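Here's the structure we're looking at; comments come further down.
The values are calculated or read from the model by the stated rules, or taken from the named source; none is laboratory data. Everything quoted here is computed from the prediction, not taken from an experiment. As a convention, Cβ positions derive from the backbone with ideal geometry for all residues, glycine included, and neighbour counts pool all protein chains shown. Accessible surface is based on the protein model in full, side chains and every heavy atom, while ligands, DNA and RNA are left aside. Shrake-Rupley method; radii C 1.70, N 1.55, O 1.52, S 1.80 Å.
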Amino acid sequence: MKKKQDTLLRNALSLLLLLFTSITLILLVITFMNSFKSSSELARNTFGFPSTITLQNYITVITEDNFFKYLFNSLFITLVGVFFLLLLSAMVAYGISRYEFKRKEVVSTYFLIGMMFPVQLCVMPLFVILRNMQLLNTMTGVILLYIAGMSFPVFTLTKFFRNIPASIEESARLDGASEFRIFFSIIIPICKPVLATLGLINGIRIWNDFYIPMVFLSDSNKRTLMLSVYKYMSDFVRNWDLTFAAVVLTLIPILILYFLCSSQIVEGITDGTVKE
C-alpha cells in the first residue's frame, strides 16, 4: 500500500514538473518570437510566428541605449559578488564546522535565521548604513549587500564540510601544513562541485535582481541590465516590441551559463557523501 502511494505521489510530482516546464518553455518561445516582430505585427499577431523577421528591435536596444555599459555593470557586480560571497561563506562555514568556540550554536542559528528575512524588510537601515559609509550609489555598496546574503551558502557548506573526514586535515597538519594551506589546497578543491552549484544559483539570483540596484543605484551610468529592461516595461504599451528584445538579450548570458554549468548542479548535490 505504501509503495503504491509513493508511486502515485512520484507521478503527481512528475506531472506538475512537466506542466511547469512546458509553461515556462512556451513563454520563452513566445518571448523569443515576439522579439522579431514590429509593434504593428505584435498588435495583430501576438502569439503566432512572425510573418516578417526583423532585427530592428535588437538594433534599437543595443545602439540607442547604453546596452554594453549595462552589460558590463551586470557582469562586474555578478562576478565580483559571487566570488567574494563564495570565498567568505566557505571560510565561515569551515570555521563553524571544524572549530570549537563560545556561542558556536548562536552563530549557526544567526545564519539560519538570515534565510527567513528578505532584504526588503531592512532596506531603510541598509540605505542609512551605505549613506553613512559613503557607498550609496556605488557598485561597491551593491556588491557588499549581495555578499552579506551568505546565509544559504554558509548553511549548505557547513553541512558539506561536516561530511569531509577530519583525518585528511590531521594528515596535512602532521606534514606541517598551515590552516590556510589546508583550507585553500585541500578543502576548496574537494568542495569545487558544491561551490560551482552555489555560484550558479547565486549568480542567477544576482543577475536577475533589480530591486537592490533600483534602490541603491540612482546613477544611470551604473544601471544594470535588469534596470534597463524595467525601463522598457514601465512604458510597455509604447515599447512592447523593444521590451521583448531587451528581455531576450538579458536572458542570453544567463541561459548560456546555465547550459554550460547545469551538470555541476547534479554533481554538487550528489557529491560530498563520503563518511568517516
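Summary table
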{"read-out": "Hits in the stretch 53-97 - residues which are closer than 24 Å to Thr250 by Cβ and β-branched (Val, Ile, Thr)", "value": "Ile53, Thr54, Ile59, Thr60, Val61, Ile62, Thr63, Ile77, Thr78, Val80, Val82"}
{"read-out": "Helices (runs of 4 or more DSSP H) completely within the stretch 1-99 that count 2 or more residues being open to solvent by 20 Å² or more (accessible area, probe 1.4 Å), more than 22 Å from Val229 (Cα to Cα) and polar (S, T, N, Q)", "value": "2-34"}
{"read-out": "Residue within the stretch 154-168 that is open to solvent by 60 Å² or more (accessible area, probe 1.4 Å) and under 30 Å from Asn137 (Cβ atoms) present", "value": "no"}
{"read-out": "Some residue of the stretch 171-180 being within 30 Å of Asn73 (Cα to Cα) and surrounded by fewer than 18 Cβ atoms within 10 Å (Cβ to Cβ)", "value": "no"}
{"read-out": "Helices (runs of 4 or more DSSP H) completely within the stretch 102-161 that count 1 or more residues being at pLDDT below 90 and over 18 Å from Leu88 (Cβ atoms)", "value": "104-114, 123-132"}
{"read-out": "Check on Met150, open to solvent by 60 Å² or more (accessible area, probe 1.4 Å) and either over 23 Å from the mean Cα position of the chain (by Cα) or not β-branched (Val, Ile, Thr) (or both)", "value": "no"}
{"read-out": "Top-ranked residue in the stretch 111-125 [being touching a residue at least 60 places away in the same chain (Cβ under 8 Å) and open to solvent by less than 60 Å² (accessible area, probe 1.4 Å); ranked as nearest to Ser151 (Cα to Cα)]", "value": "Val119"}
{"read-out": "Number of the exception - Phe72 against (1) modelled with pLDDT of 95 or more; (2) over 18 Å from Pro193 (Cα atoms)", "value": "(1)"}
{"read-out": "Residue tally, condition surrounded by 20 or more Cβ atoms within 10 Å (Cβ to Cβ), of a type outside the set (Ser, Thr, Tyr) and farther than 15 Å from Leu75 by Cα, over the stretch 188-235", "value": "8"}
{"read-out": "Residue, nearest to Lys192 (Cα to Cα), within the stretch 162-177, restricted to residues that are charged (D, E, K, R) and assigned to a loop (DSSP other than H, G, I, E, B)", "value": "Arg162"}
